[in-house]
Amino acid sequence: DRYGYIYGKSYLEVKKKLEFEKVQCYQEANVQKVVEQVVLFKEICELWLADIRPSIKESSYIRYRNIISTYIIMPLGDIATSSIDYALLSSYVSELLSTGGKKETGLSRKTVADILAVIKAILKYASRCKYVVDLSAMNVAVKQKNTPVKTLETTDYKRLIEYLQNEPNLLNQGILICAFTGIRIGELCALTWGDFSFEKKILHIHKTMQRLQTLDGSNKTTIQITAPKSQCSVRDIPIPDILMPYLNKSENKNAYILSGNSVHYVEPRTMQNYFKRILKLCNIENANFHILRHTFATQCIELGFDIKSLSEILGHANVNITLNRYVHPSMYLKQQNMNKLSNLLAVK
């Protein structure tokens, strides 16, 4: 046996140094067989990516690959897969939360949770492939803060809708569609007039537009129009009567509704920037385009929509996603519901 001391600024750093020393010891002792059995985590990462690639969307593959290359390979890649345990992974999660990111000010809990989910998926894959895995690592978790989803205030929402009605153009028409249907920005940008059935007053959502990195390693990006991220997102949405007069219908079924022709399109990033300019013109606090979806869902609940119908309109897999992620009743609605108890105490 060999004894000594290893120092480092963190548990993770000490663990990496220890792994290096172990391999050195094995090599010095000419125990080649043992060295060959040490499977580094970066090798398992590559095997996992290759395994899942045929069964997931290209956007998901690119996202997982970026998470691995940005947050996993450097700190964990050269560590033996069998050495990734609860203590090591818990220490790494703490580092990400406190000093992670380019500015070293810590990553958001959502981002860290996503990174952790990928690491666990890779470890599960390694276990299925009969590699030695310390299952204690599966117990590491990131507590999520239940922050309420931001929505437009009623006065701001009415002012925005009034502006869009008074300033008709193709982009404003697109914002109105989102405000009254709750569709995502990528779904809006991919919409063509062939997706509308004006006789039945139905909008068919079956594709989305997004800018993705190319897979040639050049970090270039390209616009792609694909099926939505899940089968649940393929859906038919009834078009409300109030929206019908503001739809500038085109005979060209292949024309994008935001550009008016079938060749040119308006991509999500451009639409996002335009939306922010409209908010500024309306003297509304800066917000992401997705706030329209949040506002739509919340208003639907306050107007008495049943959850199942709303969940299907939004394209969610189940009603719990709708309730937990998007629907946050206002204090006014809570007061209205609480006042219904008054009938129990009414003198008859």
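Being closer than 29 Å to PRO228 by Cβ, modelled with pLDDT under 95 and either open to solvent by less than 40 Å² (accessible area, probe 1.4 Å) or hydroxyl-bearing (Ser, Thr, Tyr) (or both) is a property that SER127 lacks. Give me a count of the residues in the range 138-158 that are assigned to a helix (DSSP H, G or I), in contact (Cβ under 8 Å) with a residue 40 or more places away in the chain, of a type outside the set (Phe, Trp, Tyr) and surrounded by 15 or more Cβ atoms within 10 Å (Cβ to Cβ). Counting residues in the range 138-158 that are assigned to a helix (DSSP H, G or I), in contact (Cβ under 8 Å) with a residue 40 or more places away in the chain, of a type outside the set (Phe, Trp, Tyr) and surrounded by 15 or more Cβ atoms within 10 Å (Cβ to Cβ) gives 1. Within the range 226-244, residues that are touching a residue at least 40 places away in the same chain (Cβ under 8 Å) have Cβ atoms under 8 Å from residues that are open to solvent by less than 80 Å² (accessible area, probe 1.4 Å) and acidic (Asp, Glu) in these pairs: THR226/GLU58; PRO228/GLU187; SER233/GLU187, counting only partners at least 6 apart in sequence or on another chain.
Just one of the listed residues (LYS308, LYS253) is touching a residue at least 40 places away in the same chain (Cβ under 8 Å) and open to solvent by 90 Å² or more (accessible area, probe 1.4 Å), and it is LYS253. Screening GLU199 with (1) touching a residue at least 60 places away in the same chain (Cβ under 8 Å); (2) open to solvent by 80 Å² or more (accessible area, probe 1.4 Å) gives one miss only, at (1). Being under 16 Å from GLU187 (Cβ atoms) and either more than 16 Å from the chain's Cα centre (by Cα) or among the basic types (Lys, Arg) (or both) holds for only one residue in ILE301, ILE257, and it is ILE257.
Which residue is least open to solvent (accessible area, probe 1.4 Å), if the candidates are limited to the range 231-250 and must be outside any loop (DSSP other than H, G, I, E, B) and among the β-branched types (Val, Ile, Thr)? I'd like the intermediate steps shown before the answer.
Step one: filter the range 231-250 for residues outside any loop (DSSP other than H, G, I, E, B), giving 231-233, 235-238, 241-246.
Filter again for among the β-branched types (Val, Ile, Thr), leaving 237, 242.
Numbers: ILE237: 3, ILE242: 96 Å².
So the residue we want is ILE237.
Cβ-Cβ contacts under 8 Å between residues 6 or more apart (or on different chains), taken from a first residue in the range 113-135 that is more than 15 Å from ASP51 (Cβ to Cβ) and assigned to a loop (DSSP other than H, G, I, E, B) to a second residue that is among the charged types (D, E, K, R) and open to solvent by less than 40 Å² (accessible area, probe 1.4 Å), are listed as ASP134/ASP85. The single condition among (1) in contact (Cβ under 8 Å) with a residue 24 or more places away in the chain; (2) within 18 Å of ASN172 (Cβ to Cβ); (3) not in a helix (DSSP H, G or I) that SER262 does not satisfy is (2).
Scan the range 101-124 for residues that are modelled with pLDDT of 95 or more, of a type in the set (Lys, Arg) and over 16 Å from LEU88 (Cβ atoms) and the total you get is 1.
The values are calculated or read from the model by the stated rules, or taken from the named source; none is laboratory data. Computed from a prediction, not measured in an experiment: that's the story for all the values here. Here Cβ is always computed from backbone atoms with ideal geometry, including for glycine, and neighbour counts include all displayed protein chains. These accessible areas exclude ligands, DNA and RNA; they are computed on the full protein's heavy atoms, side chains included. Shrake-Rupley method; radii C 1.70, N 1.55, O 1.52, S 1.80 Å.
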